Structure formats: C-alpha cells, structure tokens
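Data block below; observations after.
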Amino acid sequence: MTTTAVATATDVPVVAGFEQVSKAYGSVRAVDGLSLTLRPGETVALLGPNGAGKSTTLDLLLGLKQPDEGRVTVFGTGPREAIVAGRVGAMLQSGGLMEDVTVAELVGLACSLHPRPHPVSDVLARAGVTQIADRKVNKLSGGQAQRVRFALATAGDSDLIVLDEPTTGMDVSARQAFWATMREQADQGRTVLFATHYLEEADAIADRVLVLHRGRLLADGTAAEIKARAGARRVSFDLTGAVDETALAALPALTSLDVSGQTVRIQSSDADATVHAVYGLGLYPRNLEVAGLGLEQAFVAITEAEEAKRA
Ligand SMILES: Nc1ncnc2c1ncn2[C@@H]1O[C@H](COP(=O)(O)OP(=O)(O)OP(=O)(O)O)[C@@H](O)[C@H]1O
C-alpha cells in the first residue's frame, strides 16, 4: 500500500499575514479589520482608490506603522525582525534618497547593509542605472530616481519585495524592463506585493489582485475572477439616423451609457436583456460587440457599487 501526501493550503508557508488589523488616524479608519495571507512566489497587486489604505497597509507590513488592533507577521516574526534579517526589500512612494552621493555610492551602501547582498554591479545593471552610476542622486530625473529606489529594493536576496506605486514616473521602456525583472524575481520564488493605480499593469503582471476600499478588502482573486465578479459586460454598436438617448437610457440592466456620434457604448449587468431591448426599440445595431469588463472597469464597478451601498 502506498500513501500519497496531499498538500493543503495550510502546508504552504506563509510569507506575511494580517489578522484583523486596524489602523486609524484620528477619526479616519485607514485600515479596517484587514485579514490577509501572502504565499511564496505570488505576485500580488494592491488596488484601491485614493485614500483606500494601500500605503498604510504597506507601512504596517514593513513595521513603519504599528496596528491599533490585530497582528501583522512576516515570515513568522514581526515585520522589524524580518527586515533586519534581510528578508524584505521595499520601494516606497515617499522614500527620500540621500542627496549628495552618487548612485553607485548609494546602491553600494544599501548592498553593504544587506545581510545577503547582491554584487553592486549586478544591482545597478538590473535597475538600468549603470550608465548613471557616477551621477549625484540630487541630479536625477524623476524616472531615474525611481529606478534607483528599485535598485535599493533589490540590493540583496530578499524573499519578499514590497513596492508602493513603483512605476510612477517611469517611461514605457523603463516600465517594461522593471516588470520583466519583477517577473524574474517571482519566478525565483520571491513574493512581490505592489500597490498601483495602473490597472493594466495589475492585469498583466499580478497573479492575484486585492481591491482595498476604505481600509477593507473588497475583492481578492485573480484578475479574471475580479472581472467576472463585477458581473457587468460592455455592449457597443453603431446606429444609423438620429440617436434617441432618452430611449437608450431606459434600456434594462443598464449601468452606464456613452453616446458618441452614432456609436453607443453601454455597460450592462445583463447584456442579453439589454441587446434584446435594443432590437425591441426597432433599432438595427451594426458592429454589435459584447465583451467582458476590463480590470479597470471591473474595479470601478466594484468600488462604485460599494459606495452606492453606503449612500
Ligand atoms: N499620517 C496620516 N495622518 C492622518 N491621516 C492619514 C495619514 N496617512 C494617511 N492618512 C489617511 O488615511 C487614509 C488612507 O491613506 P493611505 O495613504 O493609506 O491610502 P492610499 O490607498 O495609499 O492612497 P493613495 O492612492 O492616494 O496613495 C486616507 O484617508 C488618508 O488621508
């Protein structure tokens, strides 16, 4: 007789855990009862409207802020211990850089402080800053400074990489190079958690998407699951002749309507019913297309539905 070991979710080691974590600033509950587990090798996007609590969540994860309630663990210890052990690399939005040093000196310092450093030349090359290694940090453009922050986050062999809006200010090629590098890091088993407002990046890069809203987790799943959860679909078509917007606005299951010339774009919670009713109005739509929502529209639909519940 043979016995087969079956791996369960609880066998997979936990990279980071939030257990009922809350953090308030005065009367603002920035993080409100957040529970969450990150597993090895995941690339996780943290999405949310302005003020949703993304930066506060990352600050709690990095031990830069303390929860009022609940517990944050990183590799089974407190965040500080994990950072001192070199297990966490971070790239923060607000992180000021030392000014009167060169890029190579700053990256060299970060490497020297890391318990498991990478060679400085590798770190510079990976972040695409070898060409500007001798430049003073206070002479860098916004995008170059962002690349240097990226170099600092990858100065050593960290198991968790935390990035707060990492590609803000980067040009297209810098962004592509950045995400290719992050993919490599994840393929090597590292966990990458990044907050972003670029939903197309989250869609393309993340294998898990978290949607925060008023400090609470509204959705947690793959981008495909989040899109499906939003439930709505996009319907578009062209009309000939005069377009009666009032009649279109009364279509069933409509959640949004945009008329531009002869082109009608609709968001609907029941595309079949909406399209049926379009024909029922005696209209003959041409170039009819029905498609699922993109992550951006799904995100807007989910967060707006939550706002509507509170109104
Ligand atoms: N130091 C602070 N003092 C007071 N309120 C704060 C402080 N930091 C954040 N807040 C408030 O807490 C809430 C969450 O802020 P946080 O920066 O975590 O959100 P965010 O999702 O990162 O926002 P954004 O997308 O705009 O960067 C907001 O209402 C913000 O105004």
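The values are calculated or read from the model by the stated rules, or taken from the named source; none is laboratory data. Only a predicted model underlies this, so the values are computations on that prediction, with no experimental measurement involved. Virtual Cβ from ideal backbone geometry, glycine too; neighbours counted across all protein chains shown.
Being farther than 30 Å from E19 by Cα and either surrounded by 15 or more Cβ atoms within 10 Å (Cβ to Cβ) or touching a residue at least 24 places away in the same chain (Cβ under 8 Å) (or both) narrows it down to one residue among L288, L212; which is it?
Working: L212 fails: farther than 30 Å from E19 by Cα.
Unique residue meeting the criteria: L288.
Within 30 Å of L218 (Cβ to Cβ) and among the hydrophobic types (A, V, I, L, M, F, W, C): which single residue out of V275, V259 fits that description?
Working: V259 fails: within 30 Å of L218 (Cβ to Cβ).
When all the criteria are applied, what remains is V275.
Looking only at residues that are out of contact with any helix residue (DSSP H, G or I) (no Cβ under 7 Å at 6 or more places or on another chain) and within 14 Å of the ligand (Cβ to nearest atom) in the range 196-211, which one is farthest from G142 (Cα to Cα)?
L210
G86 passes all but one of (1) under 23 Å from the mean Cα position of the chain (by Cα); (2) at positive phi; (3) surrounded by fewer than 18 Cβ atoms within 10 Å (Cβ to Cβ); which number fails?
Against the list (1) under 23 Å from the mean Cα position of the chain (by Cα); (2) at positive phi; (3) surrounded by fewer than 18 Cβ atoms within 10 Å (Cβ to Cβ), G86 comes up short only on (1).
Identify, please: which residue in the range 168-195 is within 16 Å of the ligand (Cβ to nearest atom) and surrounded by 22 or more Cβ atoms within 10 Å (Cβ to Cβ) and is, among those, nearest to R116 (Cα to Cα)?
In the first step, residues of the range 168-195 are kept if they are within 16 Å of the ligand (Cβ to nearest atom); the result is 168-169, 193-195.
Add one more test, that the residue is surrounded by 22 or more Cβ atoms within 10 Å (Cβ to Cβ), and what stays is 193-195.
Working: L193: 20, F194: 22, A195: 25 Å.
Ranking the candidates gives L193 first.
Could you pull out the residue among I266, I302 that is of a type in the set (V, I, T), out of contact with any Pro (no Cβ under 9 Å at 6 or more places or on another chain), modelled with pLDDT under 90 and at negative phi? Can you show your working first?
Working: I266 fails: modelled with pLDDT under 90.
After ruling out the rest, the residue left standing is I302.
Could you list, in sequence order, all residues of the range 43-79 that are within 11 Å of the ligand (Cβ to nearest atom), over 21 Å from M182 (Cβ atoms) and polar (S, T, N, Q)?
If the condition is that a residue be within 11 Å of the ligand (Cβ to nearest atom), over 21 Å from M182 (Cβ atoms) and polar (S, T, N, Q), then N50, T56 are the ones that fit.
Being closer than 30 Å to P13 by Cβ and within 16 Å of the ligand (Cβ to nearest atom), is that true of even one residue in the range 97-118?
no
Hand me the list of strands (runs of 3 or more DSSP E) wholly inside the range 221-280 holding 3 or more residues that are of a type in the set (S, T, N, Q) and closer than 20 Å to V300 by Cβ. So that I can check it myself, show each step before the final result.
Numbers: elements: 233-238, 254-260, 263-268.
Those strands (runs of 3 or more DSSP E) span 254-260.
Going by the conditions given, is V123 in contact (Cβ under 8 Å) with a residue 40 or more places away in the chain, within 19 Å of A177 (Cβ to Cβ), in a helix (DSSP H, G or I) and hydrophobic (A, V, I, L, M, F, W, C)? Write out each step before concluding.
Working: in contact (Cβ under 8 Å) with a residue 40 or more places away in the chain: no; within 19 Å of A177 (Cβ to Cβ): yes; in a helix (DSSP H, G or I): yes; hydrophobic (A, V, I, L, M, F, W, C): yes.
The answer is no for V123.
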